[in-house]
1. Averaging over all projection directions, find the projected area of the Cα convex hull of the range A:1-54 and quote it in nm² with one decimal place.
2. Determine how many Å³ per residue the convex hull of the Cα atoms of chain B encloses.
3. Compute the projected area of the convex hull of the Cα atoms of chain A, averaged over all viewing directions, and report it in nm² to one decimal place.
4. Under 8 Å for C-alpha pairs, at least 6 residues apart: give me the relative contact order for chain B, rounded to a whole percent.
5. Work out from phi, with θ = phi - 60° and the Karplus expression 6.51 cos²θ - 1.76 cosθ + 1.60, the ³J(HN,Hα) of each residue of the range B:216-231, listed in order in whole Hz, and give x for Gly and Pro.
6. Do me a favour and compute the ellipsoid semi-axes for the range A:85-160 from its Cα gyration tensor, root of five times each eigenvalue, largest one first, whole Å.
7. Top mean-square fluctuation among B:TYR102, B:TYR200, B:TYR265, Gaussian network model of chain B, C-alpha springs under 10 Å?
8. For the charge dipole of chain B, defined by +1 on Lys and Arg C-beta atoms and -1 on Asp and Glu C-beta atoms about the Cα centroid, which residue among B:SER238, B:GLY71, B:ALA132 has the Cα displaced farthest towards the positive pole?
Amino acid sequence: MSVQFVVNGRKVEVDPPARMTLADCLRQQVKLTGTHVGCEHGVCGACTVIVDGEAMRSCLMLAAQADGATIMTIEGLSSDAELTPLQLAFKKNHGLQCGFCTPGVLMTLHALLTQEPYASEERIRDVLSGNLCRCTGYIPIIESALEARAAYQDQARSAQA
Amino acid sequence: MKLPDFDYHSPTSLDEAITLMATPNARVLAGGQSLLPIMAFRLAAPSALVDLRKIKGLDKIEITQDAIHLGPMVRWRDVERHEGLAAALPLLTQAMEHVAHYQIRNRGTVGGSLAHADPAAEFPGIAVTCDARIHLAGANGKRVVAAGDLFVGPLETCLQDGEIITSIELPRWPQARRWAFEEFSQRRGDFALAGIALFYDLDGERRAQNVHIGVIGATDRPRRLPGAEAALNGQALSDEVIAKACAAACAEVDPPTDIHGSAEYRRSLVGTLLQRALVKASS
């Protein structure tokens, strides 16, 4: 089946079998292996990508369902060699150790803070409950998110001006 | 695990979807947030998935004078964002805050939740408590089922092979109605170990009338608690009356024991949650 979508600003056309999830399609057919596949049944959040502006679990979505969608994966977060404020905050605050859950965490936070730059700490904690981390612990992740939040607020303000 | 193989269809009209659903062992794909996991676990292996995403109008929220109509493809996110719903049916929006995680809420649908029929899910519980009417369409025509009759057991509904949920109709509320929703889960976004949804109206002498109490998570399907309702109907809500209703609720549930909690614990939890809900609703 022919499926077309835009991923990180690039138009792609793929031919996934019906049973292929978007996560596997991105990794195996589009060769974007930054999206990680953890539990494959929608619990861990490692495979989170942004579809049409909203964070979604790419293991709970068929590649076929992404036809016509605009997708952002972790590879699309920084457009050049420079890290974004979100990535810098994770680096500075030790928001990752093994890094397996990190792409999903960053995609979740990028979607959240883009839509809700003034999200409270409670809201951030609530949203992050959909992403499991088994080594870093959540405190440095939340500290990173809170630090990066200011940059999203600046962006929102300059977009308004 | 990877999903078992199936044929994928994305029809653009309901008629076309109904025709495709005649395939033996075909299943409707709405948001896929429950169906795809149970397929990954091989608890379901449909021959075909009929995706409703291209059929226009199925994601509409309509509030009329008498009822709220939710299309089956309305997502939790849509319920959360809708401006009129919280005022029209506050119990619904309050309960929906407990549904799943952020990413799931962006895809999961109300129709999918009903068809999946998880006994611990919030929306089926609200549908049963609020006397929702479920509109169905299939090869043999259309019919309407009361939410209380829709659920037969865990992950089991009275939907016939090939039938599709086309709309969920929830009656509108009088402004002064008292209501509350309480649930307990071990982590945020997890399924409830037990939950209580309730509402009642006060008569001229401040006695509870028209008491509706629904329970989730502690029974094999969402259901009302007629014993507890009877203990409250026509009564002013004193501590003594509330205690009686809670005792009746504990006696009329038959909870399962699993790794998350024993039957005794869940039974006791039902009483505690009902007590909290009644205190909240009456204050």
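1. On the way: hull surface 15.6 nm².
Hull-based average projected area comes out at 3.9 nm².
2. On the way: hull volume 35.9 nm³, N = 283.
Measuring per residue, one finds 127 Å³ for the Cα hull of chain B.
3. Details: hull surface 37.0 nm².
Mean projected area of the Cα convex hull: 9.2 nm².
4. Values: 633 pairs, mean separation 42.4, N = 283.
Rounded, it is 15 percent for chain B.
5. Computed from phi, the couplings for the range B:216-231 are 10, x, 10, 9, 6, 7, x, 8, 7, 10, x, x, 5, 4, 5, 5 Hz.
6. On the way: eigenvalues 85, 31, 20 Å².
The three semi-axes for the range A:85-160 are 21, 13, 10 Å.
7. B:TYR102
8. Going by the charge dipole, the pick is B:GLY71.
Each reported figure results from applying straightforward, stated rules to the coordinates on display, with no laboratory input. All figures in this text were calculated on a predicted structure; none of them were measured in a lab. Positions of Cβ are generated from backbone atoms using ideal geometry, with glycine treated the same way; all protein chains shown enter the neighbour counts.
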